[in-house]
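Here's the structure, in structure tokens; my notes come after.
The values are calculated or read from the model by the stated rules, or taken from the named source; none is laboratory data. Predicted model only: the values in this text are computed from it and were never measured. Every residue, glycine as well, gets a Cβ built from its backbone with ideal geometry; the counts of neighbours run over all protein chains shown.
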Amino acid sequence: MTAVDPTTVLDTLQHADDAEIPSAPEATGPTTLGWIARGLAWAALGWVVLCYPGNVASPFEVPAFDANRMSEAVIFAIIGLSLNVLIGYAGQVSLGHQAFVGIGAFTSAFVVTDLTQEVVLGVLVAALVGALQAVLLGLVSLRLTGLAFALVTLVYGVMAQQSIFAIEAFTGGTAGKIAPRPTGFESDHRYYYFALIGLAGVLAVDWRLLRTKGGRALLALRENPRVAQTWGIDTKAYTLFAFGVAGLFAGLGGGLLAHRDLQVVANPFDFNLALVFVLMTTVGGLRNRLGVVLGSMFFAFLRNGYLVEKLRLEDGIGPIPGPLGALDMSPEFAPLVFGPILLLLVLTRLPGGFGQLVRPVQEWLAGRRLRWVPADEEVIVNDVRA
Amino acid sequence: MSAPEPTTVLQTSGVSIRFGGVQALDAVDLRADRWEIVGIIGPNGAGKTTLFNCITGFYEATSGVVRFKGEDVTDLPVHRRAALGMGRTFQNVGLVKGSTVGENLKSAQHLQTRYGALGALFGSTRASEVERETEARARDILDLFDLGHLWDTRVAGLPYGVQKRLEIAAVLATDPELLLLDEPGSGLGPEEADELGDFLLQIREQFLLTIVLIDHHVPLVTRISDYLYCLNFGQVLAEGQPEDVRSHPEVVRAYLGIDPDAEVA
């Protein structure tokens, strides 16, 4: 123990209570005009999510191709929330998440095509199988930590792509497996709503998670496993629990992806995809539900150069000048070019990611003042006595 | 303190632990009877916190037995010992500092929130009921400690003194029978240390606790302890009535003679 000046301690203690009272809620709420503006904003938001992609009550005509991309964005949000449970809540890493998703995709296609079951059932079975295989991988994490475990997840993902996805009876080999869409949701526009129901379910479960003992246990054990244990939390069991929930979400996402594509093949489930998953979750903002959803959607739109082309960046600014233009990069690489740049920004300058950026708007929509909210600093416990 | 039937709550017999070439604990025998306050003093590096880690299960003793309420808990993991009623605090404040005060108090009641974590995700009604009780109890405990107004405040932003108080509130929420306090008085001046002493005597009455206390404020420890141990180099140097241990020549020498830099409280 170091010598402490008693007067300063006394001072801190005396002011302890009054110093930390959080700023009192603003006495005056928004004006009538403020409420009308917020109401309009909410309505616009609802319209963008619920009407625009399906050409319902909309003056625009969204092409089927674009609706399909929007379904993908919604499904990526589910996958982002899955990784958020693992990385954000439990503090584990997965560089093999494309396998979690891929196994879900093939399972659902198998259940629907080979066992001739309903798509809804196929997707639910995919979620359960996803949970099961994630728990199995989680068992390894109890033995290995940090870099060693990250390596195992990476190898697991690549291994799954090369071996499990090559089992012909299960995946249809290189030809892939047919995955029809559910009745009533056959068109690209309608399927968007099917995916959206999945996302709503995942959001509800995630919301419950943080409001019940399981989520609290995860947050405690991630930050300080020793404290969690003294509170009676079985850190091993809850780590597996986190893998289970993450696998559930990822499997569901995989199933939805399979039926969106109408056919599943092993090729897309490669390590690049795993990287995009990790990037989109981190850039979105760990432990920030809205941020993760937005980050995931952003990266989904970046894929295959969709967003770059959509915004006509190439037409607008022409060929990129200077030495970069000589690289003649294809827009397909957009996620893996923008990704690392955004990742660096998030890791160094914007710890809350996209979630932090949209937080002022969130505050405003909730009826508070539009203001910048700094991200909470990460608490790092590195003292063995703590 | 005179209990109707003095039963031994905590007993370590010959607990030893070795880290590489260092004998951190050497056959330590310690006993705490029901509703007693047992103090542990000793210079820095004497093995006090190491002993706590053996008692609570963070370290596996090389040899020796730890008994809690008559049961051999030597091989039980930390969370199982917690479930039996062992609570502890940490030198650097054992709280989830990234979460709010309210969340901490709810997390600390993990053992009392009896519902399936998985079922709760899919909206079991039992979970919702228990959650309401958990929150009510969390608020009650915070009010008892005059911390109720901090419910939504993030722990990391609170002053050290408040965090210390909150940590004890959280560990009491785990419903412990035995409370192991690792330097609750660190960073306190003599006056606050005195208040802390009264506070500990009070929570012992209120929550019917057995307390084992490590601290460097020797006057504080001697005042409130029923029995006192002095550790040095991993061994029990002296034990007995607090005043006797305090004036024991070996203890005085350990504090003043051998290591002049060691703190004299």
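Assorted remarks:
- Counting only residues that are free of Cβ contacts under 8 Å to residues at least 24 places away in the same chain and closer than 11 Å to A:Thr230 by Cβ, region B:54-76 holds 1 of them.
- Any pair with Cβ under 7 angstrom, 6 or more apart, that starts in region A:188-204 at a residue that is under 14 Å from A:Ser82 (Cβ atoms) and ends at one that is β-branched (Val, Ile, Thr): A:Gly198/A:Ile78; A:Leu199/A:Val74; A:Leu199/A:Ile78; A:Val202/A:Ile78
- Within region A:164-176, not a single residue is closer than 26 Å to B:Ala120 by Cα and either touching a His at 6+ places or on another chain (Cβ under 7 Å) or more than 12 Å from every other protein chain (Cβ to nearest Cβ) (or both).
- Inter-residue pairs, beta-carbon under 6 Å, first more than 21 Å from B:Arg34 (Cα to Cα) and in region B:225-251, second surrounded by 17 or more Cβ atoms within 10 Å (Cβ to Cβ) and polar (S, T, N, Q), 6+ apart: B:Arg246/B:Thr222
- A:Glu72, sole failed condition from (1) among the charged types (D, E, K, R); (2) more than 19 Å from the chain's Cα centre (by Cα); (3) at pLDDT 95 or above: (2)
- Segments classed as strands (runs of 3 or more DSSP E), wholly inside region B:165-265, with at least 1 members that are among the acidic types (Asp, Glu): B:178-182, B:235-240
- Scanning region B:174-190 for residues that are hydrophobic (A, V, I, L, M, F, W, C) and touching a strand residue (DSSP E or B) at 6+ places or on another chain (Cβ under 9 Å) returns B:Leu178, B:Leu179, B:Leu180, B:Leu181.
- Checking the stated criteria, A:Ala375 turns out not to satisfy the condition of being part of a helix (DSSP H, G or I) and either modelled with pLDDT under 85 or touching a Leu at 6+ places or on another chain (Cβ under 7 Å) (or both).
- So B:Ile40, is it crowded, with 23+ Cβ neighbours inside 10 Å, of a type outside the set (Phe, Trp, Tyr) and in a strand (DSSP E or B): yes
- Filter result for A:Ala246 (more than 7 Å from chain B (Cβ to nearest Cβ), modelled with pLDDT of 95 or more and more than 23 Å from the chain's Cα centre (by Cα)): no
- Residue match in region B:181-194 (condition: more than 19 Å from B:Thr222 (Cα to Cα), within 11 Å of chain A (Cβ to nearest Cβ) and more than 12 Å from the chain's Cα centre (by Cα)): no
- The condition (being more than 9 Å from chain A (Cβ to nearest Cβ) and touching a residue at least 12 places away in the same chain (Cβ under 8 Å)) is satisfied by just one residue among B:Leu111, B:Leu150, B:Leu172: B:Leu172.
- B:Thr125 being β-branched (Val, Ile, Thr) and modelled with pLDDT of 95 or more: no
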